[in-house]
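Worksheet for the structure shown next.
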Amino acid sequence: MTRNLADQVSEQLPSQHLRVLRTSGQMAAKRGHGIYLVGGVVRDLLLARPSLDIDLVVETDAREFASVLANGLGGSVLRHDRFLTSKFCLDDLDIDIVTARREIYPHPGALPIVEPNTIQEDLRRRDFTINALAIDLRPQTFGLLVDPFNGEEDLMRGLIRILHDESFIDDATRILRAIRYEQRFDFRLETETERLLLQHVPGLRTVGADRLRHELDLILKENEPEKAIVRLGSVNALQAIHPSLVGDGWVAERFREARRVTNTPSPALYYALLFYRLNQEEATHLASYLRLPRSLTRIIVDQARLRQAAPVLEEDLSNSAIYGLLKGCSPTAVLASIIVTESDQVRHKLQLYLSRLRYVKPLLDGNSLQELGVISGPQIGEMLNALLEARLDSRAHTREDEIALVHAWQATEKGVN
Ligand code: ATP
C-alpha cells in the first residue's frame, strides 16, 4: 500500500518550511525532475518528533536547482562542487540540497566516488533503513513515502538495521551512528546488524580523524551522550578508536553531573570528562590522532596541569595564590575538575576562581600609573600585578585604595618585587 504523509508534513513542519517545500516541489516538477524530503526529517516526522534540519534530494544537479530556487524565492546559495550539493538559505531556514547519487567505495574507509542517479539509488547508499526514507514533494504526488527497505516498519519495531552486509566495511563510522540512534531512540540493533557491528568494530581504525571526530561530536551533542558512550565502551568501539578511551560508569556519572552543574554542557566539556583520566602522554597522543582542534587540545593539557595542582588546592590559600595556580587555565578544564574532584576544599577554590577571581582586574591601568609618576618600563607590569594581588586579597577595594598603595610603594622607593 502506498503511504501518504501529506498530513504529517503539513501539520508538523513550520509554515515557512512548508511553503519552501511546496514551492520546491512545484519548481522541480515543472522542470521534470524528482524532488524528495529525505533522511532524518522523514524519520522524525514518522516518530512525531521535532526536526528542523531539512535535507532535500533532487534528481538533477542540486547546484543548479538551488539557484533556480533562490531566483524564485529569494535567499542565497552556497555551492559545494565536489559533492554535487548546495545549501539554500532563506531567513532562518537552511536547506541542504543534494543531487540524487550512487556512491562507490574504492576501499574501506575511503571517501566514496559519487555519480548522479535516482532517488532509489540514493536511498541505497544510506546507513540504516530508518534513514533510507523519502517523501515526494511534487504537487501531483505530494506526501508519498518512498520506503524501499521497510524503514517505517523498523521504526515502528524500534530496530536499527543496515541495508547490506558490507555496510560497516564500507564505512565504519556507521558503527558509531548505529549506537547513537539506538541509544537516542531507545531502539535496539537488529540481530544480524549487531553481529556484523561487533565483527567490524576493529574497522574503526581505518576511519580518518576528521570523520571520527565528526561522529564523536554528534554523539556528544545528544541529550544524554553517556548512553552511547557506555554502549560504545561495552562493544569495545571506544578502545578501537584509541586504547586509552574508556566508556564506563565513571564517565556516565560525570556526564550526568555535568548536566546538574550546567544546564546544557558543551561538547567540549563532555570531551574534557571523557579524556579526564588520560595521562599526559596518552592525552597528547590522542589529541594528535584525532587531530583535535587547538581549543580542545588546550583543555586536555590544562586538565593535566590542574590534576597536578589539586594537592596544593587542598591547603589554605589566599585568593591571589589560587589565582596564580589557575591563571590562564581554560574555563572548561576548570569546570571539568569541579565535576570530577571529590574534595570540597578543591571544588570551592575552583568555583571561586571560575565565578569571580578570573574576572578581577585592578581599577588603575598603565596610563594612570604613568600619570601618578611611575616610570614606564617593566615596573608598570609589576605594579599592575601587585595591584591585582591587592584586589584579589581584599587589600584594595576602590580606586583611592589603589592610588594609596602606589603612593606607599613610591614613598618607600621599594616599588614592587
Ligand atoms: P540527526 O540529525 O537527527 O542526528 P540525521 O539523519 O539528520 O540525524 P546526519 O548525520 O545529518 O543525521 O545525516 C543525514 C543523513 O545522511 C542520514 O539520515 C543518513 O541517511 C545519511 N548519512 C549520514 N552519514 C551517513 C553514513 N556514514 N553512511 C550512510 N548514510 C549516511
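A short reminder: the numbers here are calculations on the coordinates, not readings from a lab. Not measured: the values here are computed from a predicted model. In this analysis, Cβ positions are derived from the backbone assuming ideal geometry, glycine residues included, and neighbour counts consider all displayed protein chains.
The table that follows gives values for the structure above.
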| quantity | calculated |
| --- | --- |
| Relative contact order of the stretch 87-185, pairs being alpha-carbon contacts under 8 Å that are 6 or more residues apart, as % | 21 percent |
| Label point distance in nm, Leu90-Ser343, each placed 7 Å from Cα along Cα→Cβ | 6.0 nm |
| Percentage of interatomic Cα-Cα distances in the stretch 242-359 larger than 16 Å | 59 percent |
| For the stretch 366-416, the spread of Cα positions along each principal axis, largest first, Å | 26, 19, 18 |
| Inter-probe distance in nm under a simple model that places probes 7 Å from Cα toward Cβ, at Asp210 and Arg124 | 2.8 nm |
| Residue with peak Gaussian network fluctuation, the chain [Cα springs, cutoff 10 Å], from Ser295, Ser320, Ser368 | Ser368 |
| The stretch 218-288 - Kirkwood radius from inverse mean 1/r over Cα pairs (Å) | 12.3 Å |
| Ser51 paired with Asp316, simple spin-label distance in nm, labels 7 Å along Cα-to-beta-carbon | 6.1 nm |
| Computed FRET value (nearest 0.05) for Thr262 with Arg102, which takes r as the C-beta separation and R₀ as 60 Å | 0.85 |
| Principal axis dimensions, the chain - Cα atoms, whole angstrom, descending | 93, 50, 38 |
| Between helix 62-73 and the chain: long-axis angle, C-alpha atoms, 0 to 90°, nearest 10 | 80 degrees |
| Residue-averaged 222 nm ellipticity for the chain, from DSSP H runs of 4+ at -39500 (n - 2.57), nearest 500 | -16000 deg cm²/dmol |
| Potential lengthening between Glu382 and Asn4 on full extension [0.36 nm per residue; Cα-Cα distance subtracted] | 128.7 nm |
| Relative contact order computed over the chain (Cα-Cα under 8 Å; 6+ residues apart), in percent | 9 percent |
| Base-10 log of normalised Debye intensity for the stretch 29-81 (one unit scatterer per alpha-carbon) at q = 0.21, 0.30 Å⁻¹ | -0.88, -1.13 |
